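Structure incoming, see below.
The values are calculated or read from the model by the stated rules, or taken from the named source; none is laboratory data. Quantities reported herein were computed from a predicted structural model and do not represent experimental measurements. Neighbour counts are summed over all protein chains in view; Cβ atoms, including those assigned to glycine, are modelled from backbone coordinates with ideal geometry. Heads up: the accessible areas ignore ligands, DNA and RNA and are worked out on the full protein's heavy atoms, side chains in. Shrake-Rupley method; radii C 1.70, N 1.55, O 1.52, S 1.80 Å.
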Amino acid sequence: MTPVLRAGVHAAVVGDALILLDLEKDDYLCLPGAGGAVTTGEGGALQVEDAGVFGVLDAAGLLGPGPVMPGKPLPERPLVSVIHESAGRPPTLPMWLDGLKAAFAVRKARKSAGVKDYLTLAGGPDGDRSLARVAEAARVFWRMAPWLPIEGECLIRSALLMRFLQRRGLEADWVFGVRLWPFTAHCWVQLDGVCLNDDVERLTSYTPIYCR
């Protein structure tokens, strides 16, 4: 039987290394030299050509019965960013209320400190993905962000924006990426080729591993 990644486990090949993100355990695993021994297919199916690599994945509990439902396709890295652009208008009162509600939701999720709790803030895949509307909402949001009662690194910033967009009936992609030497994980929000909360120059060294 072709092994598949367990539900909640996502993989990326970076150079000659295989990197796995386990959302259930909120953990990353890096296997140097294993990138050439593994290829991923639809639904998480794996082609493992090295018994040692297979044994490590199996022993770590990262494999499971298949087939599994395919996740959201990984997008290409964004080419432009909106974070240095001015909003077309100042935030309205409903926008401020949505921003405050998003901040309180993220603060509640932060108490558990698990990535899965943050991901639930993004909502379902039924929002408006019109680039002009989403990009303008992001511009307005970053005008409000310094005044919201929460701050943090990329996970907090992305969770805030995703929750704000969800409350406005909008949708974007929440992308997680990894890099090596040293190993670093990062996340950002984008739609098509537009990054909504980061500089694109920062993202060039990251390989996407998961998209919400």
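Given points 7 Å out from each Cα along the Cα-Cβ axis, report the Leu93 to Ala59 separation in nanometres with one decimal.
Each label point lies 7 Å from its Cα, and together they span 6.3 nm.
Compute the FRET efficiency between Thr120 and Asp27 as 1/(1 + (r/R0)^6), taking r as their Cβ-Cβ distance and R0 = 30 Å, and round to the nearest 0.05.
Rounded to the nearest 0.05, the efficiency is 0.95.
Okay, moving on. What size of dipole, in debye to the nearest 20, comes out for the range 151-204 about its Cα centre when the only charges are +1 on Lys and Arg C-beta atoms and -1 on Asp and Glu C-beta atoms?
180
Continuing with this model, one more query. In whole percent, and with a 1.4 Å probe on the protein chains, what portion of the accessible area of the range 102-212 is carbon and sulfur?
51
Given only helices, namely DSSP H runs of n ≥ 4 each adding -39500 (n - 2.57), what is the per-residue ellipticity at 222 nm of the chain, to the nearest 500 deg cm²/dmol?
-9000 deg cm²/dmol
Nearest 5 is fine: what % of DSSP beta bridges in the chain come out antiparallel, could you say?
The antiparallel fraction comes to roughly 90 percent.
Can you give the % of DSSP beta bridges in the range 107-207 that are antiparallel, to the nearest 5?
Among the beta bridges of the range 107-207, antiparallel pairing accounts for roughly 90 percent.
Can you send over the solvent-accessible area of Cys195, 1.4 Å probe, protein chains only, in Å² to the nearest 10?
Its heavy atoms expose roughly 0 Å² to the probe.
Right, something else. If I stretch the segment between Ser112 and Asp16 completely, what's the gain in nm (0.36 nm per residue apart, minus their alpha carbon distance), one decimal?
Once the chain is fully extended between Ser112 and Asp16, it gains 31.1 nm.
Here is a further query. Rank these by accessible area, largest first, 1.4 Å probe: Ile150, Ile83, Ile19.
Accessible-area ranking of Ile150, Ile83, Ile19, largest first: Ile83, Ile150, Ile19.
Moving to a separate point now. Which Cα, out of Ala60, Ala105, Leu155, lies furthest along the positive dipole direction of the chain (beta carbon charges, K/R +1, D/E -1)?
Ala105
Suppose every K and R has +1 on its Cβ and every D and E has -1 on its Cβ; what is the size of the dipole of the chain about the Cα centre, in Debye to the nearest 20?
Dipole about the Cα centre, nearest 20: 1020 debye.
Putting +1 on Lys and Arg Cβ atoms and -1 on Asp and Glu Cβ atoms, find which of Pro125, Gly169, Ala17 reaches farthest to the positive end of the dipole of the chain.
Highest projection toward the positive end goes to Gly169.
When the solvent-accessible surface of protein heavy atoms is calculated with a 1.4 angstrom probe, in what order do Ser205, Ser81 fall, highest first?
Of Ser205, Ser81, the descending order of accessible area is Ser205, Ser81.
Let me ask something additional. With every protein chain kept in the model, how would you rank His84, His186 by accessible area, 1.4 Å probe, largest at the top?
Ranking His84, His186 by accessible area, largest first, yields His84, His186.
While we're on this one: Specify the inter-centroid distance of the range 104-127 and the range 131-147, based on alpha-carbon positions, in whole Å.
Measuring centre to centre over Cα atoms gives 19 Å.
Let me ask you something else. Can you tally the net charge around Gly36? Count Lys and Arg as +1, Asp and Glu as -1, for every other residue whose Cβ sits under 9 Å from the Cβ of Gly36.
Its environment carries a net charge of -3.
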